[in-house]
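What follows is a short report on a single structure.
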Amino acid sequence: MELDRTIRWRPLEGAGIEHCHVLGTDRDIRIRSAVVTPDFGLFYRIKLDANGHVRTVKLERTDGRVLELFADGAGNWSDDRAEPLPNLAGCIDIDIWPTPLTNSLPIWRSQWTIGTPQRFAMARIDGDEMTVQRNEQIYTKIDDSHFRFRAPMASSGCSKWTGMVWWSTIPACLRWRPSRHRRVIKSAQNRSRSCRWEHQQSCSRSCGTSLRACRLRRS
């Protein structure tokens, strides 16, 4: 499968923008993106193997902070000093705040049956703190275009699952498998905390879709 696409998102509420480039071959998939938020600028790059498993990820902020991780595609992780990260054992995918893109990784690479939930161990990277921690997430296919998403609130320390639904449209130029999802996020106190992003098509060929996503904003 050959991919060579550029996509751009902007917040529907507040200031910011993300410009993302995806290059895919039969050997691997490489994602490079720049995010500008009201508080910082962030550049990240991700390498996936032919199975859609994360192998490397590197984040660089404009203030000089850097976070780099390596994985073997089988759930074993290490940092940039080759030190093992046992707390991430079993994680295949990553979830980077503040981009909506990485939530789609487990959806793209998995086979789905309507109504059957699948649980994923994610390496969740906080772009604010430049830290990584294990985060269990559950996705359930509702129909051909909707997925229900559930995960504990990363910033609340809540031990219970917090109800979340993610629906959006994955651009056709990025679609490994047909799926659309958007996430609506509510805290344990049912207070909405979100930052919505809108996909702006900047491909050389029109992908004919839009991406809208809600992202968890730190209180």
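Out of the residues in segment 1-15 that are of a type in the set (A, V, I, L, M) and surrounded by fewer than 17 Cβ atoms within 10 Å (Cβ to Cβ), which is farthest from residue 45 (Cα to Cα)?
Residues of segment 1-15 of a type in the set (A, V, I, L, M): 1, 3, 7, 12, 15.
Now drop any that are not surrounded by fewer than 17 Cβ atoms within 10 Å (Cβ to Cβ), which leaves 1, 3, 12, 15.
Working: 1: 20, 3: 16, 12: 24, 15: 22 Å.
Filtering segment 1-15 for residues that are of a type in the set (A, V, I, L, M) and surrounded by fewer than 17 Cβ atoms within 10 Å (Cβ to Cβ), the one farthest from residue 45 (Cα to Cα) comes out as 12.
Within segment 48-74, can you find the residues that are modelled with pLDDT of 95 or more and aliphatic (A, V, I, L, M)? The answer is 48, 54, 57, 59, 66, 67, 69, 71, 74.
Looking at segment 71-84, can you tell me whether even one residue there is out of contact with any Asp or Glu (no Cβ under 8 Å at 6 or more places or on another chain), in a helix (DSSP H, G or I) and either of a type in the set (Asp, Glu) or surrounded by fewer than 22 Cβ atoms within 10 Å (Cβ to Cβ) (or both)?
Taking segment 71-84 as the starting set, the residues that turn out to be out of contact with any Asp or Glu (no Cβ under 8 Å at 6 or more places or on another chain) are 71-72, 74-78, 81-84.
From the residues that got through so far, the ones that are in a helix (DSSP H, G or I) too are none.
No: segment 71-84 contains no residue that is out of contact with any Asp or Glu (no Cβ under 8 Å at 6 or more places or on another chain), in a helix (DSSP H, G or I) and either of a type in the set (Asp, Glu) or surrounded by fewer than 22 Cβ atoms within 10 Å (Cβ to Cβ) (or both).
Being of a type in the set (Asp, Glu) and either over 21 Å from residue 129 (Cβ atoms) or surrounded by 16 or more Cβ atoms within 10 Å (Cβ to Cβ) (or both) holds for only one residue in 18, 68, and it is 18. Within segment 14-43, the set of residues being aliphatic (A, V, I, L, M), free of Cβ contacts under 8 Å to residues at least 60 places away in the same chain and either closer than 18 Å to residue 122 by Cα or not in a strand (DSSP E or B) (or both) comprises 15 only.
Checking each residue in segment 90-140 for being closer than 21 Å to residue 70 by Cα, aromatic (Phe, Trp, Tyr) and either touching a strand residue (DSSP E or B) at 6+ places or on another chain (Cβ under 7 Å) or crowded, with 21+ Cβ neighbours inside 10 Å (or both) picks out 97, 120. Restricting attention to segment 105-141, the residues that are aliphatic (A, V, I, L, M) and more than 20 Å from residue 53 (Cα to Cα) total 2. For segment 90-110, the count of residues that are of a type in the set (Gly, Ala, Ser) and either over 30 Å from residue 10 (Cα atoms) or at pLDDT 95 or above (or both) is nonzero.
With the requirement that a residue be part of a strand (DSSP E or B) and within 18 Å of residue 21 (Cβ to Cβ), what does segment 44-65 give you? If you could, list the steps in order and put the result at the bottom.
The first filter runs over segment 44-65 and keeps only residues part of a strand (DSSP E or B), leaving 44-49, 54-61.
Correct list: 44, 45, 46, 47, 48, 54, 55, 56, 57, 58, 59, 60.
Among the residues making up segment 72-106, those that are of a type in the set (Gly, Ala, Ser) and in contact (Cβ under 8 Å) with a residue 40 or more places away in the chain are 75, 104.
Looking only at segment 21-35, how many residues end up being touching a Lys or Arg at 6+ places or on another chain (Cβ under 7 Å) and either more than 25 Å from residue 63 (Cα to Cα) or crowded, with 19+ Cβ neighbours inside 10 Å (or both)? Steps first, answer last, please.
First, the residues of segment 21-35 that are touching a Lys or Arg at 6+ places or on another chain (Cβ under 7 Å): 21-23, 28, 30-32.
Among the residues that remain, those that are also either more than 25 Å from residue 63 (Cα to Cα) or crowded, with 19+ Cβ neighbours inside 10 Å (or both) are: 22-23, 28, 31.
Summing the residues that are touching a Lys or Arg at 6+ places or on another chain (Cβ under 7 Å) and either more than 25 Å from residue 63 (Cα to Cα) or crowded, with 19+ Cβ neighbours inside 10 Å (or both) in segment 21-35 gives 4.
The values are calculated or read from the model by the stated rules, or taken from the named source; none is laboratory data. Treat the numbers as computed from the prediction; the structure is a model and nothing was measured. When we count neighbours, we look across all protein chains shown, and the Cβ atoms used for this are built from the backbone with ideal geometry, even at glycine.
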